[in-house]
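To keep things clear, I will list the structure first and then write my remarks on it.
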Ligand SMILES: [Zn+2]
């Protein structure tokens with residue numbers, strides 16, 4: 001508690017996942033989240049997670065959870081830990097996901113504006129590859145995640161719609177060939193920019209994100225029943241309404257900076273032989 005605000009930051013997820021999986025963290029990663037490691041230890045009884053699903057919906061703010069709690073029921077019911085987190089500045093997608101997966105501040109990883117260069121900074125994906133693990137990214141072509149983590153010797157699956165991404169993610173979970181699967185859905189973000197954060201269109205996409213995460217978790221619980229697992233609903237930044245009712249983000253304000261992640265662990269079950 002010395003001096004620090006005590007708030008967790010999205011930059012702490014990379015080292016947390018690395019520790020949960022029993023690998024060395026990315027080189028510039030901030031320290032892991034103690035609560036997450038404690039929970040992992042308790043549920044997995046000291047073992048390391050062998051399978052990880054990280055679902056990355058775009059622009060899901062903490063205030064949305066407070067305001068539209070019922071929409072989050074499918075996520076809440078599949079989570080044993082909810083952690084309020086601060087995003088990083090500027091609170092835009094490539095900056096935030098770069099911090100989430102390098103574990104580093106924007107000044108360290110170098111993406112400090114809305115640009116999508118290939119990251120040279122060490123990422124969680126690189127850390128996994130060094131240990132012989134197989135990560136996969138499933139996302140929409142052209143989005144931030146589809147660009148900034150390129151040029152690694154890993155599997156990338158790019159589609160034009162979130163539906164196609166989620167269908168592929170489900171298939172990958174069932175094929176059981178990857179240690180970590182990262183899935184990105186930008187449909188709430190798109191609807192909130194085009195209409196408004198609390199408009200019917202955006203809230204429908206928020207509900208879709210919650211339902212799609214629930215379906216992926218249910219799929220993973222079955223397909224990965226024999227493995228120790230870590231599952232996470234992990235948005236990048238929040239959003240706020242601007243003049244005309246449209247949505248935006250990128251500022252250093254609570255609506256944009258405060259988010260919440262939902263996590264769960266599943267302990268492996270011995271298969272009945
Ligand atoms: Zn975003």
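At a glance:
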{"quantity": "Residue check, residue 111 within 16 Å of the ligand (Cβ to nearest atom), in contact (Cβ under 8 Å) with a residue 12 or more places away in the chain and either within 27 Å of residue 177 (Cα to Cα) or not in a strand (DSSP E or B) (or both)", "calculated": "yes"}
{"quantity": "Test: residue 273 is surrounded by fewer than 24 Cβ atoms within 10 Å (Cβ to Cβ), at pLDDT below 95 and not in a helix (DSSP H, G or I)", "calculated": "yes"}
{"quantity": "Considering residues of the stretch 220-253 that are out of contact with any strand residue (DSSP E or B) (no Cβ under 9 Å at 6 or more places or on another chain) and either modelled with pLDDT of 95 or more or assigned to a loop (DSSP other than H, G, I, E, B) (or both) only, the residue nearest to the ligand (Cβ to nearest atom)", "calculated": "250"}
{"quantity": "Unique match (being within 16 Å of the chain's Cα centre (by Cα) and either closer than 24 Å to residue 41 by Cα or at pLDDT below 95 (or both)) among 82, 136", "calculated": "82"}
{"quantity": "Strands (runs of 3 or more DSSP E) contained entirely in the stretch 121-210, each with at least 2 residues that are within 16 Å of the ligand (Cβ to nearest atom) and touching a residue at least 60 places away in the same chain (Cβ under 8 Å)", "calculated": "180-185"}
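Residue-by-condition table, conditions (1) touching a strand residue (DSSP E or B) at 6+ places or on another chain (Cβ under 8 Å); (2) within 14 Å of the ligand (Cβ to nearest atom); (3) in contact (Cβ under 8 Å) with a residue 40 or more places away in the chain:
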{"site": "41", "(1), (2), (3)": "no, no, no"}
{"site": "56", "(1), (2), (3)": "yes, yes, yes"}
{"site": "70", "(1), (2), (3)": "no, no, no"}
{"site": "81", "(1), (2), (3)": "yes, no, yes"}
{"site": "90", "(1), (2), (3)": "no, yes, yes"}
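The values are calculated or read from the model by the stated rules, or taken from the named source; none is laboratory data. Computed from a prediction, not measured in an experiment: that's the story for all the values here. Heads up, the Cβs are rebuilt from the backbone with ideal geometry, glycines too, and the neighbour counts pull from every protein chain shown.
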